[in-house]
Amino acid sequence: MTGEATSVTLKQAFSHARDILTANNIEDAYLEGELLLRHTLKISRVQLYLDLDYELSSKQEETFWHLIERRLSGEPTAYITGHRQFYGFDFYVDPSVLIPRPESELLVEKALKLAQNGTMPTIAEVGTGCGAITISLALNLPQTKIYATDISVSALKVALFNCQKHGVANRICLLQGDMLDPLLEPVDLIIANLPYVKESELSPICLANFEPPLALNGGSDGLEKIRQLCRQLNNQLCPDGCLLLEIGQGQRKAITTFLRSLFPSAKIEVTPDLGGIDRVVSLTLPSDTLHQAG
Ligand code: GLN
């Protein structure tokens, strides 16, 4: 690295940023400070820690504090840097997509467990956003045919960019449209992290996070989109097929009751995330369920 020397070293800037972020109640101040500093200098984690005595140029210092200010005003680090890690992979994100959450990795884990034994040759993800879930699956399931839908054209552009970045654009069929509408054939496994935040709880979240309301707004009780998808399953999920659905805290009973009313003889399970919150509902259709629900 080159630059006009000032008295501020990487170590000092890092430590100062951490203090400011912590004082402003930013969770993970250490990690966020690191990501913003690395983004400023375009360096890897290893380079950062190997070169802590490097002195920032005044331009670099100015850029870094500008990024810290953006973070303090509420902009998520993932949007500032354009990067987010998910399931061990790096994804491009911008404000047209939801920032992938660590708890959604459970959806990927459950899907891989089901699909790795070869009984799920076709998969569809509904509401793919930046494509993190679908691409993580594609990278782990080289034989599987994957569809990914989204109603948002700008989200699909981000998903396409990420498919290309990870070399799976020829294996994932991106489709624009609502829920399962654009699907070309019934599939064996449907995965969805749909919007499930109650509309009344939405505005503080979106304002604070800069995230698209379309990706979070689940209507008056938070479950409108999930119910809409469940009603479409009959035509789009193969016999013996499986649905994996991410849900929010406190939604387990409402969703499992609703699914039970639609599919009386299906197998329904709920798996908690690492924080102990019921997070993934799985529904497995018996072979003859296709014509049961109306
Ligand atoms: N888990 C997200 C949040 O709490 C919501 C994601 C969603 O609606 N699918 O912000």
*List, in order, the whole-Hz ³J(HN,Hα) value for each residue of the range 195-200 obtained from phi through the Karplus relation with A = 6.51, B = -1.76, C = 1.60 and θ = phi - 60°; use x for Gly and Pro.*
x, 9, 8, 4, 4, 5
*Inter-probe distance in nm under a simple model that places probes 7 Å from Cα toward Cβ, at N235 and R70*: 4.3
*Where in the range 217-247 is the amide nitrogen less than 12 Å from a point lying 7 Å along the Cα-to-Cβ axis of S265?*
240
*Can you put D240, D53, D28 in order of Cβ neighbours within 10 angstrom, beginning with the fewest?*
D53, D28, D240
*Mean Cβ neighbour count within 10 Å, used as a protection proxy, ranking 33-41, 187-195 highest first*: 187-195, 33-41
*For the range 97-114, in order, what is each residue's ³J(HN,Hα) by Karplus, 6.51 cos²θ - 1.76 cosθ + 1.60 with θ = phi - 60°, in whole Hz (x at glycine and Pro)?*
10, 5, 6, x, 9, x, 5, 6, 4, 4, 4, 5, 4, 5, 5, 5, 4, 6
*Working from the pairwise distances between different alpha carbons, so that the mean of 1/r is found and then inverted, what is the range 163-227's Kirkwood radius in Å?*
14.0
_Rh by Kirkwood over Cα pairs, then Stokes-Einstein D for the range 143-294 at 1.002 mPa s and 20 °C, µm²/s_ = 129
*Return the whole-Å distance between the Cα centroid of the range 221-272 and the Cα centroid of the range 125-140.*
20
*asked:* Give me, ordered by chain and number, the residues 5 or more places off F91 or on other chains with an amide H under 5 Å from its own placed amide H.
replied: R84, Q85, F86
*Residue by residue through the range 170-185, which ³J(HN,Hα) values in whole Hz follow from phi under the Karplus form 6.51 cos²θ - 1.76 cosθ + 1.60 (θ = phi - 60°), with glycine and proline marked x?*
7, 10, 10, 9, 7, 10, 8, x, 7, 6, 8, 3, x, 5, 8, 7
*Hey, got the Cα dimensions of the range 1-103 along the principal axes, in Å, largest first?*
40, 27, 20
*Just order 88-98, 120-130, 269-279 by mean Cβ neighbour count inside 10 Å, highest at the front, would you?*
120-130, 88-98, 269-279
_What Kirkwood Rh does the range 42-160 have if only Cα atoms enter the pairwise 1/r average? Answer in Å._
16.5
*May I ask you to work out the translational diffusion coefficient for the chain at 25 °C, viscosity 0.890 mPa s, via Stokes-Einstein with Rh from the Kirkwood sum over Cα pairs, reported in whole µm²/s?*
119
*Averaging sequence separations of C-alpha pairs under 8 Å and six or more residues apart, then dividing by the length of the range 1-160, give the relative contact order as a whole percent.*
18
*Consider just the alpha-carbon atoms of the range 218-264 and return their Rg together with their Dmax, both in angstrom.*
10.9, 32
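Subtract the Cα-Cα distance of D28 and E185 from 0.36 nm times their separation in residues, and report this length gain in nm to one decimal. Intermediate results must be reported in sequence, preceding the final value.
Working: separation 157, 0.36 × 157 = 56.52 nm, distance 4.31 nm.
That pair, D28 and E185, stretches by 52.2 nm at full extension.
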*Once the Cα atoms of the range 82-150 are picked out, what are the Rg and Dmax in Å?*
11.8, 36
*Enumerate the amide H contacts of R279 below 5 Å, restricted to partners 5 or more residues apart or on another chain; note that Pro and chain-start residues carry no placed amide H.*
T271, D273
*Count the lysine pairs in the range 45-194 whose Cα atoms lie under 27 Å apart, taking only pairs 8 or more positions apart in sequence or on different chains.*
8
*Assuming 0.692 mPa s and 37 °C, estimate D for the range 96-213 with Stokes-Einstein, Rh taken as the Kirkwood radius over Cα pairs, in µm²/s.*
225
*How are the C-alpha pair distances of the range 189-275 spread across 5 Å bins, as whole percents from the shortest bin up?*
3, 12, 24, 23, 18, 11, 6, 3, 0
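Rule-based calculations on the coordinates, nothing more; no lab input. Given the structure is predicted, the values throughout are model-derived calculations rather than measurements. Every residue, glycine as well, gets a Cβ built from its backbone with ideal geometry; the counts of neighbours run over all protein chains shown.
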